[in-house]
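Reviewing the structure listed below.
The values are calculated or read from the model by the stated rules, or taken from the named source; none is laboratory data. Please read all numbers here as calculations on a predicted model, not as lab measurements. Here the Cβ positions follow ideal geometry from the backbone for every residue, glycine too, while neighbour counts run over all protein chains shown.
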Amino acid sequence: MSLLDERPVDETPVPEEPVQEPVEEQVPSRPRALVRSERVELLLAVASGLTGSAVMCLLFDWTQPLTFAIWALLLFLGSTYLLARDSQSPIVATDRLITTLVWTSGGIAVSVLLWMLGYVVVKGIGGLNFEYLTSDLSKVGPLDEGGGVFHAIVGTLEQMMIASVLSIPIAILTAVYLHEIRGRLAGIVRFVIDAMSGLPSIVAGLFIYTVWVLQGQGPSGLAAGLALAILMIPTVTRTAEEMLKTIDDGLRESALALGAPQWRSVMQVVLPTARSGLITASILGVARAVGETAPVLLTAFGSSSINWSPFNGPQADLPLYIYQLLRQPNPAQIARAWSGALVLVLLVLILFVLARVIGERGARVRGGSR
Amino acid sequence: MTTIQSPQTAETPAANRQVVSSEILPEEQHPSSRIDATDVTCWFGKRKVLERCTLSMEPGEVTALIGPSGCGKSTFLRSLNRMHELVPVAAIAGTIELDGVDIYSEEMSPTEVRSRIGMVFQKPNPFPAMSIADNVLAGLSLSGMSNEDPKALVEQCLRRAGLWAEVSDRLNEGGMSLSGGQQQRLCIARALAVHPDVLLMDEPCSALDPISTRVIEQTIRELCEEITIVIVTHNMQQAQRVSDKCAFFLVESIGDPGRIVEAGPTAQVFENPSDPRTYDYVTGQFG
């Protein structure tokens, strides 16, 4: 398309095709191309942003890629506005500027995330092999090859399991209390939960360290699970409460109008309807806890060998493994830490997908039974 | 079991009512109940929304509650099965007797009242997490009842609600996959499954198209043989079409509670009302 097509609105529409005669045979309808000018202007704006920034870099002798990117972005936004203002009107130009800004912000957020993930993958993929996944660090000297992450994977899985089993039922029942029962103490409970969500994770660790580890129980995966559960409860509770709020009150009324006591209405109607939201809430709680280092350091202490029992003796987990290896001054250990980071990311991904799949399948079984 | 198709139902309602009661419902049939509301006054907090409403809803009849918006019709309806008290600040005075027993007395629990007096709401709201069949049966499990033959009950209730022909081949699909009118009939079937003596309907057709409305009106006329029905409606024609008896609610001036201005046989209320305000309302000169 030529650039002349950019000005469709200025004059009375010049018919590009001959005026439609009342012809009898019907031409099959085709979708009309709309807002073609935007694409051209977008290209122009991108081009002007890049060239303008490049010229400035040459003129002022800038060498930082980030400087180039920031100026390119600013010039791109500016020319988007000016081009639209020239071809359309100030209102359209503002609209396009803001739309572009929103897209750009989203793009930046996603690209930072991808960059970070890519970095972890690039750094970690080299050390990732079967041996790494299935062995621990107990027989590995400071300069040795080999060794692995298995003991930390076991620790993370066991501790997350303990923390989830402890915190998710409590959190969901608390959300039910806050939003379904709306008891007299709801205000206080909500306040405490909010205060808890601001609790620094190391304080949760210190608490368990003092009341559990130091009281003769010693360090264990269970202690770490307790500390992580404290961190998960507020996140899961508040998210679950928000999810319960999205359930139409009409459903609760219908259930009660059928003669249901409130607990049956909650168990059979409200919670199943909120099912996928509650799974999301649980996932957010797990995500909050799985990356915690400080509480685990104070409660499970970390270990370089495998400890299957979460109830007895020090245990490692992935964030702690990464933290401890990254502080070592030798490249082999640091490479192991990066691989550990990659394993952690993959583990979280697998857990999330599993939770979703289980949630969906459960819903289908429920819907299709009888 | 005889198969009833909905088109026939539309043409010969009287004949089909006979079939419904004698063949589809051999033993579940129970004598209709009556509700007598005496001096019912309702509050939300300090605000009195309904004052001294006295109305008898006779067995086997359809009673329509009409009146402009905000005149307390829905509040009155919700007080009849103790849904009014679900609002934390709500209060009520007066008595409401179901077959002579005050539903607000200690003899009756709210859950018992609600399983004997069913309700259909303005907005169709099938339970999204359940299939069509499970929606029909939801009332049983929710109120702790059991049924020996759930399949037959599902079919029977869906037939009575005029929905069976449309959904019989997809009972395991989700309730939300239905159209609005079908959803509302599913809600009626759900309410029927617990065998209520009375069915309250709060503007059941206000969100529906005319065709769905007609099907539901036919359903109401068929059901009233066995169940006492109370329906709130804004639609004068609907009140005339479906009800035997009519009560006109009105708020006289802003801030006043709603009162029953006139109640009586539908034909009389519409054709020969005794109160001029009723006349104005039913002839469309007001409201």
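Data overview
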| quantity | calculated |
| --- | --- |
| Some residue of the range B:85-93 being in a strand (DSSP E or B), at pLDDT 90 or above, within 14 Å of another protein chain (Cβ to nearest Cβ) and crowded, with 22+ Cβ neighbours inside 10 Å | no |
| Meets criteria (crowded, with 23+ Cβ neighbours inside 10 Å, more than 9 Å from every other protein chain (Cβ to nearest Cβ) and not polar (S, T, N, Q)) for A:Gly277 | no |
| Qualifying positions in the range A:292-314 - on the phi > 0 side of the Ramachandran plot, assigned to a loop (DSSP other than H, G, I, E, B) and in contact (Cβ under 8 Å) with a residue 60 or more places away in the chain | A:Gly313 |
| Cross-chain or 6+ apart pairs with Cβ under 8 Å, the range B:128-139 first and more than 7 Å from chain A (Cβ to nearest Cβ) and assigned to a helix (DSSP H, G or I), then aromatic (Phe, Trp, Tyr) and surrounded by 24 or more Cβ atoms within 10 Å (Cβ to Cβ) | B:Asn135/B:Phe127 |
| Filter pass, B:Thr266 being over 18 Å from B:Thr41 (Cβ atoms) and either touching a Cys at 6+ places or on another chain (Cβ under 8 Å) or without any contact (Cβ under 8 Å) to a residue 12 or more places away in the chain (or both) | yes |
| Residue in the range B:107-118 that is without any contact (Cβ under 8 Å) to a residue 24 or more places away in the chain, more than 8 Å from chain A (Cβ to nearest Cβ) and under 21 Å from the mean Cα position of the chain (by Cα) present | yes |
| Single match in B:Val261, B:Val282, B:Val215 (criterion: modelled with pLDDT of 90 or more and either aliphatic (A, V, I, L, M) or surrounded by fewer than 22 Cβ atoms within 10 Å (Cβ to Cβ) (or both)) | B:Val261 |
| Test: residue in the range A:223-245 that is within 14 Å of chain B (Cβ to nearest Cβ) and under 30 Å from B:Val87 (Cα atoms) | yes |
| Verdict on A:Ala289 being assigned to a helix (DSSP H, G or I), out of contact with any strand residue (DSSP E or B) (no Cβ under 9 Å at 6 or more places or on another chain) and under 19 Å from A:Ile202 (Cα atoms) | yes |
| Test: residue in the range B:74-84 that is more than 23 Å from B:Pro257 (Cβ to Cβ) and either in contact with a Cys (Cβ under 6 Å, 6 or more places away or on another chain) or within 13 Å of chain A (Cβ to nearest Cβ) (or both) | no |
| Qualifying helices (runs of 4 or more DSSP H) (wholly inside the range B:191-274; at least 1 residues being closer than 19 Å to B:Gly70 by Cα) | B:236-242 |
| Unmet criterion (only one of (1) within 21 Å of B:Met57 (Cα to Cα); (2) of a type outside the set (Gly, Ala, Ser); (3) crowded, with 16+ Cβ neighbours inside 10 Å) for B:Asn272 | (3) |
| The range B:162-218, subset among the basic types (Lys, Arg) and more than 14 Å from chain A (Cβ to nearest Cβ), residue nearest to A:Ala255 (Cα to Cα) | B:Arg185 |
| Failed criterion for B:Glu148 (all others in (1) surrounded by fewer than 16 Cβ atoms within 10 Å (Cβ to Cβ); (2) at pLDDT 90 or above; (3) assigned to a loop (DSSP other than H, G, I, E, B) hold) | (2) |
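Here is a yes/no grid of residues against (1) under 23 Å from B:Asp99 (Cβ atoms); (2) in a loop (DSSP other than H, G, I, E, B):
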{"position": "B:Ser33", "(1), (2)": "yes, yes"}
{"position": "B:Trp43", "(1), (2)": "no, no"}
{"position": "B:Glu51", "(1), (2)": "no, no"}
{"position": "B:Leu55", "(1), (2)": "yes, no"}
{"position": "B:Pro59", "(1), (2)": "yes, yes"}
{"position": "B:Ala64", "(1), (2)": "yes, no"}
{"position": "B:Pro68", "(1), (2)": "no, yes"}
{"position": "B:Leu77", "(1), (2)": "yes, no"}
